[in-house]
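Here the structure comes first, spelled out in structure tokens, and everything after it is commentary.
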Number of protein chains: 2
Amino acid sequence: MRFQPILEYLPIYEAGKPIELVVREYGIQANKVIKLASNENPFGVAPAVQNKVAESVSKMPLYPDDSYHSLKSALSQKYGVPESQIIQGNGSDQIFDFATRSVLNPGDKVVQNGKTFSMYAIYSRQCGAEVIASETIEHDLDALLDLAKTQKPKILFLCTPCNPIGDALDRSDIYSFLAKIPEDMMVVLDAAYLDFAKTRDSNKNFEAKDIISKFPNVVYTGTFSKVYGLGGMRIGYGISSPEIIRAFYKLRPPFNVSQLSQLAATEALKQESFVESYLKSNLSELKKYESFADLKGLDFFESYTNFITIKLDKAKLNSSELFEKLLSEGIILRNLKSYGMNAIRITIGRPEQNETVIGRLNEIL
Amino acid sequence: MRFQPILEYLPIYEAGKPIELVVREYGIQANKVIKLASNENPFGVAPAVQNKVAESVSKMPLYPDDSYHSLKSALSQKYGVPESQIIQGNGSDQIFDFATRSVLNPGDKVVQNGKTFSMYAIYSRQCGAEVIASETIEHDLDALLDLAKTQKPKILFLCTPCNPIGDALDRSDIYSFLAKIPEDMMVVLDAAYLDFAKTRDSNKNFEAKDIISKFPNVVYTGTFSKVYGLGGMRIGYGISSPEIIRAFYKLRPPFNVSQLSQLAATEALKQESFVESYLKSNLSELKKYESFADLKGLDFFESYTNFITIKLDKAKLNSSELFEKLLSEGIILRNLKSYGMNAIRITIGRPEQNETVIGRLNEIL
């Protein structure tokens with residue numbers, strides 16, 4: 001079989017270890033495992049969403065309404081943009097896939113930050129594009145602007161707050177940056193963690209409606225995987241100019257979001273108090289990790305998300321040693337070695353989970 | 001924005017009308033609507049699968065085990081092939097997407113039957129490939145072989161039983177056909193409706209294990225959308241040589257099947273008696289439509305599926321007129337005008353649904 005030449009250079013994606021694997025490999029009971037590795041909502045999902053899905057199981061045989069009318073109408077209200085400027089994705093991941101496939105040809109270039117969400121590069125490389133990253137760990141907008149001008153990429157990815165670091169850009173900096181980007185360069189602005197950022201600092205916030213009306217080349221992406229607690233349901237969305245959304249629709253597989261996922265997401269948008277209470281807990285618990293790192297003399301990145309990235313250069317163990325040790329005890333964190341960093345990323349959990357994890361880190365490090 | 005040139009020629013996919021739309025447009029109560037348009041399981045989904053999903057709603061926040069161990073292990077047992085030769089898809093649709101993207105470059109060719117599932121051509125065209133179809137409505141393997149030799153396509157799609165016609169090929173014909181196909185040409189063998197065919201005629205059956213061991217260039221695809229009643233959950237799979245499955249994995253987005261979908265599918269594989277009972281009902285109800293068409297003097301295609309395609313050339317109304325008339329009464333069928341046919345495709349429903357539909361057809365036609 002003669003596969004596309006590009007496939008030769010593509011790695012097979014390996015996700016973080018799921019609870020099931022720890023149960024299988026270490027014989028630890030599933031309910032004893034603490035998984036703070038994938039930035040899932042540690043409080044789960046709002047009871048009303050659970051009820052909605054449980055009472056809708058008889059709808060599983062039916063293909064969803066492929067116009068996703070109810071969901072898009074709810075998102076349209078939330079963001080104040082017309083439905084024609086919204087597209088649903090099988091996770092916001094699928095929006096990155098639509099973005100890359102709509103403009104990239106082999107040999108084209110893509111620019112992104114030094115450390116950022118790994119799927120941007122994977123989707124770009126699937127299209128045969130070359131991915132050029134700036135050198136810094138945290139966002140350096142001057143460096144990105146420089147690359148945008150010299151490399152002339154077809155797409156520039158911006159993730160703020162940024163996964164896996166946690167840093168966030170100021171709105172004013174984002175605006176002045178976007179104003180300098182050529183109109184025919186697509187900018188994907190990944191706002192997966194934005195709710196956390198604006199809870200900590202309103203200067204980090206930006207509005208999809210405002211962004212896309214000023215910059216029709218920007219694709220704003222959001223997800224139901226974080227504050228809404230629907231990571232396992234694979235549902236996200238993109239908001240952009242009608243022109244870009246129309247192009248994405250041409251690449252969208254029919255029924256790209258499952259029946260129960262769209263019902264869950266539509267219901268989740270109504271659960272404001274659940275989200276507010278999670279955001280409040282997340283911020284105060286995040287500060288406990290910061291205090292712990294300060295006390296231990298460990299460096300960390302100031303985070304505007306539901307995770308914290310702690311550097312381990314001054315610690316007794318490196319990130320792989322720490323990861324393996326905790327894994328064998330049933331605590332799953334994210335080793336950032338695959339990002340070329342001696343650092344560990346910890347999702348902020350429920351208070352009792354954080355207490356256990358901080359306690360163990362205090363003993364080990 | 002300079003989109004890929006191919007996007008200009010791609011249409012935006014429009015799915016069949018969902019129940020929600022009929023409710024909105026005609027003010028008919030949802031529970032009064034009879035939807036026999038999308039070949040969904042009219043008996044729904046097995047109670048055990050419903051229970052499994054309802055009791056798993058608290059897992060919605062967690063990303064699925066990305067190795068999909070439980071599901072693949074169950075499929076591996078069912079088909080007697082190793083897990084390394086199976087890949088799960090967000091519907092079998094996604095397997096077609098992997099197939100086209102793994103081998104097709106702009107200018108490449110794809111060969112398929114005259115009338116067949118529309119997504120093959122859509123995914124192929126997204127890759128810039130040219131789609132060449134044979135001229136007949138039902139499968140003509142000689143014509144396809146001729147096209148395979150003269151056009152040298154990278155992929156040949158074979159759908160048996162064939163949607164939207166319902167005809168099925170004999171196993172012996174499939175085998176002698178595949179033996180004449182060059183080894184470096186990928187053949188996608190879509191078996192979405194195979195359970196229905198083998199219930200009617202065991203000569204129409206073929207085993208994935210046997211096929212892929214004899215023909216490593218074949219990709220066998222299956223789905224949970226039909227006999228298992230999980231159309232809305234978007235879950236299917238591909239079975240092929242380790243080489244092809246490895247290539248597909250390079251294009252697979254992480255977590256491509258939702259948490260609840262994989263739980264539902266794994267449970268559904270255990271519900272053999274539910275499936276048996278549906279298959280039995282389907283066949284006897286299908287024969288009622290055949291008798292009706294015979295009595296009315298209408299031509300139809302002998303079907304090996306859960307739908308029947310009735311030609312309307314000898315009828316009082318054409319397919320669009322019939323479709324619209326029934327739609328306004330809350331009966332949704334599939335108008336095959338978009339396939340260039342004056343015919344209507346009817347999913348075989350539950351006995352009482354079929355009685356109503358046959359009754360109305362008897363009055364109208």
Quick count over region A:164-186, residues being assigned to a helix (DSSP H, G or I), more than 30 Å from A:ALA37 (Cα to Cα) and aliphatic (A, V, I, L, M), is 2
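Would you mind listing the helices (runs of 4 or more DSSP H) fully within region B:57-160 where at least 1 residues are more than 11 Å from chain A (Cβ to nearest Cβ) and either surrounded by fewer than 16 Cβ atoms within 10 Å (Cβ to Cβ) or touching a Pro at 6+ places or on another chain (Cβ under 6 Å) (or both)? Break it down stepwise before answering.
On the way: elements: B:69-79, B:92-103, B:118-126, B:141-151.
Because the criterion is at least 1 residues that are more than 11 Å from chain A (Cβ to nearest Cβ) and either surrounded by fewer than 16 Cβ atoms within 10 Å (Cβ to Cβ) or touching a Pro at 6+ places or on another chain (Cβ under 6 Å) (or both), the helices (runs of 4 or more DSSP H) in region B:57-160 that meet it are B:69-79, B:141-151.
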Output the residues belonging to region B:333-365 that are among the hydroxyl-bearing types (Ser, Thr, Tyr) and surrounded by fewer than 18 Cβ atoms within 10 Å (Cβ to Cβ). B:SER338, B:THR356
Within region A:214-260, tally of residues that are closer than 25 Å to B:GLN126 by Cα, more than 7 Å from chain B (Cβ to nearest Cβ) and touching an Asp or Glu at 6+ places or on another chain (Cβ under 8 Å): 3
Scanning region B:1-20 for residues that are outside any helix (DSSP H, G or I) and of a type in the set (Phe, Trp, Tyr), the one surrounded by the fewest Cβ atoms within 10 Å (Cβ to Cβ) turns out to be B:TYR13
Using the structure shown, decide if A:LYS209 is touching a strand residue (DSSP E or B) at 6+ places or on another chain (Cβ under 9 Å), farther than 30 Å from A:GLN259 by Cα and surrounded by fewer than 20 Cβ atoms within 10 Å (Cβ to Cβ). no
So which residues in region B:222-260 are buried (at least 21 other Cβ atoms within 10 Å of the Cβ) and small (Gly, Ala, Ser)? B:GLY222, B:SER225, B:GLY229, B:GLY231, B:GLY232, B:GLY236, B:GLY238, B:SER240, B:ALA247, B:SER258
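Tell me yes or no: at least one residue of region B:316-333 is over 23 Å from B:VAL22 (Cβ atoms), part of a loop (DSSP other than H, G, I, E, B) and touching a residue at least 24 places away in the same chain (Cβ under 8 Å). Can you show your working first?
Taking region B:316-333 and keeping what is over 23 Å from B:VAL22 (Cβ atoms), we get B:316.
The next check asks that each one be part of a loop (DSSP other than H, G, I, E, B); those that pass are B:316.
Okay, now just the ones that are also touching a residue at least 24 places away in the same chain (Cβ under 8 Å), so B:316.
Yes, there is a match, as at least one residue in region B:316-333 is over 23 Å from B:VAL22 (Cβ atoms), part of a loop (DSSP other than H, G, I, E, B) and touching a residue at least 24 places away in the same chain (Cβ under 8 Å).
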Can you find, within region B:23-56, the residue that is nearest to the other protein chains (Cβ to nearest Cβ) among those that are small (Gly, Ala, Ser) and free of Cβ contacts under 8 Å to residues at least 60 places away in the same chain? B:ALA54
Residue in region B:308-339 that is modelled with the lowest pLDDT, counting only those that are among the polar types (S, T, N, Q) and over 23 Å from B:LYS226 (Cα atoms): B:SER328
List every residue pair whose Cβ atoms sit under 9 Å apart, with the two residues 6 or more apart in sequence or on different chains, where the first one lies in region B:280-296 and is in contact (Cβ under 8 Å) with a residue 40 or more places away in the chain and the second, anywhere, is of a type in the set (Lys, Arg) and exposed (fewer than 14 other Cβ atoms within 10 Å of the Cβ). B:LYS296/B:LYS314
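If only one of A:VAL33, A:VAL23, A:VAL45 is among the hydrophobic types (A, V, I, L, M, F, W, C) and surrounded by 21 or more Cβ atoms within 10 Å (Cβ to Cβ), which one is it?
On the way: A:VAL33 fails: surrounded by 21 or more Cβ atoms within 10 Å (Cβ to Cβ); A:VAL23 fails: surrounded by 21 or more Cβ atoms within 10 Å (Cβ to Cβ).
Result of the check over A:VAL33, A:VAL23, A:VAL45: A:VAL45.
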Can you run down the residue pairs with Cβ atoms below 6 Å, 6 or more apart or on separate chains, where the first is in region B:192-203 and over 10 Å from B:PRO161 (Cα atoms) and the partner is part of a helix (DSSP H, G or I) and of a type in the set (Gly, Ala, Ser)? none
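Looking for something farther than 17 Å from B:LEU75 by Cβ and surrounded by 23 or more Cβ atoms within 10 Å (Cβ to Cβ) - is there at least one such residue anywhere in region B:261-276? Step through it out loud before you land on a result.
Residues of region B:261-276 that are farther than 17 Å from B:LEU75 by Cβ, as a first pass: B:273-274, B:276.
Right, trim to surrounded by 23 or more Cβ atoms within 10 Å (Cβ to Cβ) and you get none.
Taking every residue of region B:261-276 in turn, none turns out to be farther than 17 Å from B:LEU75 by Cβ and surrounded by 23 or more Cβ atoms within 10 Å (Cβ to Cβ).
The values are calculated or read from the model by the stated rules, or taken from the named source; none is laboratory data. Keep in mind the model is a prediction, meaning the values are calculated, not measured. No Cβ is skipped: glycine too gets one built from the backbone with ideal geometry, and neighbour counts run over all protein chains shown.
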